[in-house]
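Engineer: Attaching a single structure in structure tokens format; questions to follow.
The values are calculated or read from the model by the stated rules, or taken from the named source; none is laboratory data. This structure is a prediction, so every number in the text was calculated from the model and none was measured. We place every Cβ from the backbone using ideal geometry, glycine too, and count neighbours over all the protein chains shown. Surface areas here come from the heavy atoms of the whole protein model, side chains and all, with no ligands, DNA or RNA. Shrake-Rupley method; radii C 1.70, N 1.55, O 1.52, S 1.80 Å.
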Amino acid sequence: MASPRLETYCCPNRDAATQLVMNFQPEVFCGVCIGSASISLLLTILQLLPKKGQSPRKMPKASSSSTILLLISICDILGGLGMIFRSSVWLGFPGFIANISVSNGTDVWPSAFCVGSAMWIQLLYSAGFWWLFCYAVDSYLVVRRSAGLSTIVLYHMMTWGLAVMLCVEGIALLYYPSLSSCENGLEHAIPHYITTYAPLLLVLVANPILFRRTVSAVASLLKGRQGIYTENERRLGTEIQMRFFKIMLVFVICWSPNVINETLLFYLEMQPDINEMPLKNLRSAALITWIIMGVLNPMQGFLFTLAFYGWTGWRVDLKWRKREIPWESMSSSTVGENAYPSPVNYQSNIHDSKKISTTDSQQTDEAISMLSEANTSSDERLTRSSPIYQGW
């Protein structure tokens, strides 16, 4: 799981709240992390692999939104691998990890492993948070026709730059002036926790606002096509809204335990003695949410693929040939009977019906196609019946 407590545990003189959760059934906790991360990793890769029965197609040019979805999945996969590696070492070499508690120990490798593995996990999931924020921004800009593949360079600079800067800054402040003397007070820990949770809280606050504005902009685009808002247009707007809702639902489910757990642990840190009987229920709640974090944090990768693409099935096609990958936008291909469940391609159906009369209409369809959710049956119904895609 991803928590700033992983870095504070690397301090030999760690605080009592961190000691409480990290020493609570460590074998069980590491086993839970390995199991959850392994299942999520396998299912995420299964979701992204091409499936049998999918008609071979030429690979279209990716949109910025589809590229961002791919990068979010990559961050989740790499973060999950970090969890598996870290927890496996903790289970397989308990004596190696025990040396972290020795402040005057001459062996620096346990502390180096502790810091390095914790930073890897934190950096990848922090980058995933920034990419998710960029996805919300890009969705809004796409509808406003102010985004494209050229903006992906700016997203890369912002995401990786901010993720690395905040991670390094938080670690530097936590371990100042040295690893052996860190965590002597909250003045070391608070900046580290702020830099860790800032992107998470940004997604929780800003993404719903951006998604709501994007849905409103899509509704305006659909109404502007013919001056009316039919049932088909309403259904399409609802599908886009549901896609955004599922993305935020997954994010809240996977990361709200972290916010609750950190709030409880900070309250316990402020107490003179966290082992007092009146604090028993708070200690129990902190330990329960700690285990829940170990289950839900790694599962984000798989749950996000369900929100992005829906369930893509079990029948994997491992034959090597040039095929469209599931995260690519389908804005220039044809939605066939066996189309891969990825963001819906309504643009291709324009060529099967009457030709759109204006460039503005084509841009509108391209923008909507990048945001629409994959649902083959509903896609076919919409493209056959909607006046938006049948011409004026």
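Engineer: Please enumerate the residues belonging to the stretch 283-298 that are closer than 15 Å to THR18 by Cβ and more than 23 Å from the chain's Cα centre (by Cα).
Structural biologist: If the condition is that a residue be closer than 15 Å to THR18 by Cβ and more than 23 Å from the chain's Cα centre (by Cα), then ARG283, ALA286, LEU287 are the ones that fit.
Let's see how each residue does on (1) modelled with pLDDT of 90 or more; (2) in a loop (DSSP other than H, G, I, E, B); (3) within 25 Å of ILE194 (Cβ to Cβ):
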{"position": "CYS30", "(1), (2), (3)": "yes, no, no"}
{"position": "SER38", "(1), (2), (3)": "yes, no, no"}
{"position": "LEU42", "(1), (2), (3)": "yes, no, no"}
{"position": "GLY53", "(1), (2), (3)": "no, yes, no"}
{"position": "SER66", "(1), (2), (3)": "no, no, no"}
{"position": "MET83", "(1), (2), (3)": "yes, no, yes"}
{"position": "ILE97", "(1), (2), (3)": "no, no, no"}
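Engineer: Suppose we filter the stretch 19-28 for residues that are surrounded by fewer than 23 Cβ atoms within 10 Å (Cβ to Cβ) and more than 13 Å from ILE97 (Cα to Cα); how many remain? Give the derivation first.
Structural biologist: Taking the stretch 19-28 first, the residues surrounded by fewer than 23 Cβ atoms within 10 Å (Cβ to Cβ) are 19-20, 22-28.
Okay, now just the ones that are also more than 13 Å from ILE97 (Cα to Cα), so 19-20, 24-25, 28.
Residues in the stretch 19-28 being surrounded by fewer than 23 Cβ atoms within 10 Å (Cβ to Cβ) and more than 13 Å from ILE97 (Cα to Cα): 5 in total.
Engineer: Could you tell me whether any residue of the stretch 235-256 is in contact with an Asp or Glu (Cβ under 6 Å, 6 or more places away or on another chain), assigned to a helix (DSSP H, G or I), surrounded by 14 or more Cβ atoms within 10 Å (Cβ to Cβ) and at pLDDT 90 or above? So that I can check it myself, show each step before the final result.
Structural biologist: Of the residues in the stretch 235-256, the ones in contact with an Asp or Glu (Cβ under 6 Å, 6 or more places away or on another chain) are 239, 243.
The next check asks that each one be assigned to a helix (DSSP H, G or I); those that pass are 239, 243.
After this cut, where a residue has to be surrounded by 14 or more Cβ atoms within 10 Å (Cβ to Cβ) as well, the list is 239, 243.
Checking the rest, the ones that are also at pLDDT 90 or above come to 243.
Looking for residues that are in contact with an Asp or Glu (Cβ under 6 Å, 6 or more places away or on another chain), assigned to a helix (DSSP H, G or I), surrounded by 14 or more Cβ atoms within 10 Å (Cβ to Cβ) and at pLDDT 90 or above, one finds at least one in the stretch 235-256, hence yes.
Engineer: Next question, about the same structure. Restrict the check to the stretch 118-130 and report whether at least one residue is open to solvent by 60 Å² or more (accessible area, probe 1.4 Å) and part of a helix (DSSP H, G or I).
Structural biologist: Of all residues in the stretch 118-130, those open to solvent by 60 Å² or more (accessible area, probe 1.4 Å) come to 120.
Within this subset, residues satisfying the condition of being part of a helix (DSSP H, G or I) are 120.
Within the stretch 118-130, one or more residues are open to solvent by 60 Å² or more (accessible area, probe 1.4 Å) and part of a helix (DSSP H, G or I).
Engineer: Shifting gears a bit: Quick check on LEU279: is it without any contact (Cβ under 8 Å) to a residue 12 or more places away in the chain and either surrounded by 19 or more Cβ atoms within 10 Å (Cβ to Cβ) or of a type in the set (A, V, I, L, M) (or both)? So that I can check it myself, show each step before the final result.
Structural biologist: On the way: without any contact (Cβ under 8 Å) to a residue 12 or more places away in the chain: yes; either surrounded by 19 or more Cβ atoms within 10 Å (Cβ to Cβ) or of a type in the set (A, V, I, L, M) (or both): yes.
Yes; evaluated as a whole, the condition is true for this residue.
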